[in-house]
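Each remark here refers to the structure printed beneath this line.
What follows draws every value from the coordinates through simple rules; no lab data is involved. Keep in mind it's a predicted model, so treat the numbers as computed, not measured. Cβ: placed from backbone, ideal geometry, glycine included. Neighbour counts: every protein chain shown.
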Amino acid sequence: MDVSVIIVNYNTFRMTADCIESVRQKTSGISYEIILVDNGSTDGSKDFFEQFEGIKYIYSDENLGFGRANNLGAKQASGDYLFLLNSDTLLINNAIKILYDYINTHQSVGVVGGNLVGLDSTERISFERVFPGIYHTLNQYSKGVLNRLRFGKDVHYNHLVKPLKVAYISGADLMIRKSLFENIGGFDPVFFMYYEETELCYRVQSNHCHVVSVPDAMIVHMEGGTVEKQTDLGLQKTAMSFRSRELFIRLIHGKIYCYIDRLLMSLLLKLISIVKRNRRDKEVYGIYTTISKK
């Protein structure tokens, strides 16, 4: 089999069903299977998808998070390639075949992903050009000026008519050789959510394989579909992202580097909260200072 499509569902019943249908409608010219890993959903997903024809359904009694759930799905995969697809996505074209054709004919490439857009066709973050660290922090809080000077407009989205080497691909649509995934040990289970694909792509490149954006593959990404857009949950999401980011930096660069980045991040967030003087930025600063003390 060519590709195993792995989708992780956590209380996104309707979106997941639409995602699976889009895979079936848009994918042709390759052999594939769909593996759905359910992270203990309580929205009726289990009763529905257990009877869903043509998929492998794996139910977990607990929410394993993104990485561990995909690791579970990968163990049941029969494809030569794994295509990790968010439940809040819809294929626009034959994206899986496009990605498969590219990675299958470029042996030095270990991971590929397509261009992501919103329902309104606005560009979404499809990849990053640099890994998290001090440079990334300075760029982020200078509104991306450093990256725009360095990379032009192709910072998060591939406007070119050709593939582009990047640091890491969004986990919303990441295709990887199954053999490589197994050789590097899959996702690191210490990450519950956020930056797990970052760390995976770092190890892919450490194994002398490239990570490439293939712009012809087009996918809708309804960002935030797996996390309700309520204020309290939004702050929880921010806190989780901060924790995972620091975990990545500490694992890759060590404690001293992480400490310097933490001081820089804290200073920049404090300045932003003072200048903007709004509640949201003060809350974000408060979250980060709480996390950085642990």
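All other residues with a Cβ under 11 Å from the Cβ of Ser213 taken together, and with Lys, Arg as +1 and Asp, Glu as -1, what is their net charge?
Net local charge, Ser213 excluded: -1.
For Gln25 paired with Leu264, estimate the spin-label separation in nm (one decimal), with each label point 7 Å from Cα along the Cα-to-Cβ line.
4.5
How big is the gap, in Å, between the Cα center of segment 146-171 and the Cα center of segment 7-51?
Segment 146-171 and segment 7-51 have Cα centres separated by 30 Å.
For segment 26-101, which GluC sites (Glu not before Pro) are both in a DSSP coil and crowded by at most 14 other Cβ atoms within 10 Å?
Those that pass, being in a loop and sparsely packed, are Glu50, Glu53, Glu62.
Given the DSSP H assignment, sum -39500 (n - 2.57) over each helix run of at least 4 residues in the chain and divide by its residue total; what's the result at 222 nm in deg cm²/dmol, nearest 500?
When only DSSP H runs of four or more count, the value is -13500 deg cm²/dmol.
Semi-axes of the equivalent ellipsoid for segment 3-221, please: Cα gyration tensor eigenvalues, times 5, square-rooted, ordered largest first, whole Å.
Largest first, segment 3-221 gives 27, 19, 18 Å.
What does the extension gain come out to for Val161 and Lys46, with contour length at 0.36 nm per residue minus their alpha carbon separation?
Contour length minus the Cα-Cα distance gives 37.2 nm.
Under a point-charge model restricted to the Cβ atoms of Lys and Arg (+1) and Asp and Glu (-1), what is the dipole moment magnitude of the chain relative to its Cα centre, in debye to the nearest 20?
1600
Counting just the Cα atoms, what span does segment 155-267 cover along each of its three principal axes? Round to the nearest Å and put the largest first.
Computed over segment 155-267, the largest-to-smallest principal extents equal 39, 34, 27 Å.
If I model a spin label as a point 7 Å beyond the Cα along the Cα-Cβ vector, how far apart are those points for Tyr59 and Tyr135 in nm?
If labels sit at Tyr59 and Tyr135, their model points lie 4.8 nm apart.
Of the beta bridges DSSP finds with both residues in the chain, what % are antiparallel, to the nearest 5?
In the chain, approximately 40 percent of DSSP beta bridges are antiparallel ones.
For a quick check, take a GNM of the chain with Cα springs below 10 Å and name the residue from Val111, Val284, Val204 with the largest mean-square fluctuation.
Evaluated over the chain, the most mobile residue of the options is Val284.
How are the C-alpha pair distances of segment 115-195 spread across 5 Å bins, as whole percents from the shortest bin up?
Taking all Cα pairs of segment 115-195, the binned fractions are 3, 12, 18, 23, 19, 14, 9, 2 percent.
How large is the convex hull of the Cα atoms of segment 1-87 per residue, expressed in Å³ as a whole number?
Spelled out: Cα convex hull of segment 1-87, divided by residues, is 80 Å³.
Under 1.5 on a/c is rounded, so check that first for segment 59-106, then, if it is not, pick prolate when a/b is larger than b/c and oblate when it is not; a ≥ b ≥ c are the square roots of the alpha carbon gyration tensor eigenvalues.
oblate
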